[in-house]
1. Multiply the residue separation of ASP214 and SER376 by 0.36 nm, subtract the distance between their alpha-carbon atoms, and state the gained length in nm to one decimal.
2. Could you list which residues have their amide H under 5 Å from that of LEU326, counting only those 5 or more apart in sequence or on another chain, with H placed in the peptide plane?
3. Measure off 7 Å from each Cα along the Cα-to-Cβ vector at LEU100 and ASP423, then give the distance between these two points in nanometres to one decimal.
4. Based on the Cβ-Cβ distance of LYS484 and ALA46, what FRET efficiency does E = 1/(1 + (r/R0)^6) give at R0 = 60 Å, to the nearest 0.05?
5. Measuring from centroid to centroid over Cα atoms, what is the spacing of region 390-444 and region 41-79 in Å?
6. Roughly how big is the chain's charge dipole about its Cα centre, with Cβ charges of +1 (Lys, Arg) and -1 (Asp, Glu), in debye to the nearest 20?
7. Expected output is a single nm value to one decimal: the length gained when fully extending between ALA24 and ASP250, i.e. 0.36 nm times separation in residues minus the C-alpha distance. What is it?
8. Please arrange ILE31, ILE251 by accessible surface area, largest first, computed with a 1.4 Å probe and ligands excluded.
Amino acid sequence: MLNRTILLWVFGLLLSMQVFGQSAKPNIVFILSDDHRYDFMGFTGAVPGLKTPNMDRIAAEGAHMNNAFVSTSLCSPSRASILTGQYAHTHTIVDNQAPLPDDLTFFPQYLQEMGYKTGFFGKWHMGNTDDMPQPGFDQWVSFRGQGTYYDPVFNINGKRIPQPEGSYTSDLLTNEALSWLNSLEEEEPFMLYLSHKAVHSEFQPAKRHEGMYDTLPIVTPPSMYLTATDSSKFYGDIIRAPETKVNYKDIPDWVRKQRYSWHGVDYMYHGQLPFNVFYKSYLETLMALDESIGRVMDWLEEEGLEENTIVVYMGDNGFSFGEHGLIDKRHAYEESMKVPLLVKYPKMVKPGITIDQMVMNIDIAPTLLEVAGMSSTPEQMQGESFVPLLEQKKVDWREKVFYEYYWEMAYPSTPTVFAVRTDQYKYIFNQGVWDINELYDIQKDPYEMNNLIRDPEYKDLSKRLRNEVWDWLENTDGTQIPLKPIRHPKLDHRFQRTY
């Protein structure tokens, strides 16, 4: 009788534990931002006065992946790499116009097979400008192309619905995500994929944040004026001069010329926006994104789901704010290819740790699938699960990351770029232009101002890294890049409307 009583008591206890979201499988929250550079978070101290309390909270309660990189610093290729675990040359979405192949498998499709309820909320913009529901998601809320910051039209499960006048996209997406979470049945593990438009240019903060950083002093990077000309304007409140050696002679010509372009500080957005306004609008637009993270974290806490949920926050690519005289991304400099990556999962990750090993966007899918219980990474994925790093285990890990960007007709001032980065060196191969390649010692030269490519001391290293780039492309079938047809006239300011 006693044993039966104990069994009934244990059975009842187990039943009582099967409340909403408390399945044996961990829940997954993946929050993706757009154009958020790796160091623009309050806790890094890179921007004195910047406040991101909710990003800071994840870092304090979990892990800051201090060396996270994308394999292509551009919206569509990077987002496809996150979802597929593949390099851009493998999934073939090599730019923002490339069509979405029919044979790709997104990691949420595997989660559905494992019993997860999955929801996508936000910017898709992967290979096309459509907003229709995609495989792998039970709930779908998206918008066409880049979307708008105010008064968006959402595609909700296949039906386009205009949102209220004056409504703000970052807030609306968070509302939709939380509403969906509240609608789930008990015992269902979930995967929330919250994919923000913020902080993509052209920046528009929520009304409540406008002017928040008006008095914040702007500190310019030391490489901002290396390519300055007699007609260049000087921006910022504190202009930092280089403190390390500069090789002015071997700055690539394409970098010099891009200074006066859509993506250069001397003619940014074709002269429509001054740098100081651009900079502060970015910071203010970031605020609603941080608040969104906080609302999701608060919901998990209120529902008692913090322990059983992994929360990952990541940027889809980096962003330049004057480094090398450039803005935006695409190139292989640190501020472009490096991204913020924060992970909180109390069952696995100790609070407040920093992980210095290099991880990539192609690692996200394998990592989340392992957390969910998949025994091995799907064969077609080229990334690796970084679960052992989160657990602070000593494991053999990659010693280098590779990078690729393919020239776009829409933004022709950046050439095709291939690169390899180790903990100490970065080699950049500028493809298809009559120009110099680049080698930097990023430990001694973190702002990449001293190109060592002509230095005889580094000739053998340059050769070895150059060969590693091409070996990587050959070994991963990356030497045949799909050529996309060009039907429209030139868009750049020098040769606009010509064919």
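The values are calculated or read from the model by the stated rules, or taken from the named source; none is laboratory data. Nothing here was measured: the structure is a model prediction, and the numbers come from that model. Note that each Cβ is placed from the backbone with ideal geometry, even for glycine, and that neighbours are counted across all protein chains shown. For the accessible areas, the whole protein counts, side chains as well, though only heavy atoms, and no ligand, DNA or RNA atoms are used. Shrake-Rupley method; radii C 1.70, N 1.55, O 1.52, S 1.80 Å.
1. Values: separation 162, 0.36 × 162 = 58.32 nm, distance 5.01 nm.
Extra length from ASP214 to SER376 when fully extended: 53.3 nm.
2. Under 5 Å from the amide H of LEU326 lie the amide H atoms of VAL265, each far enough along the sequence or on another chain.
3. 4.0 nm
4. Approximately 0.95, to the nearest 0.05.
5. If we compute the Cα centre of each part, the gap is 20 Å.
6. Magnitude of the dipole: close to 860 debye.
7. Answer, rounded to one decimal: 75.7 nm.
8. These residues rank, largest area first, as ILE251, ILE31.
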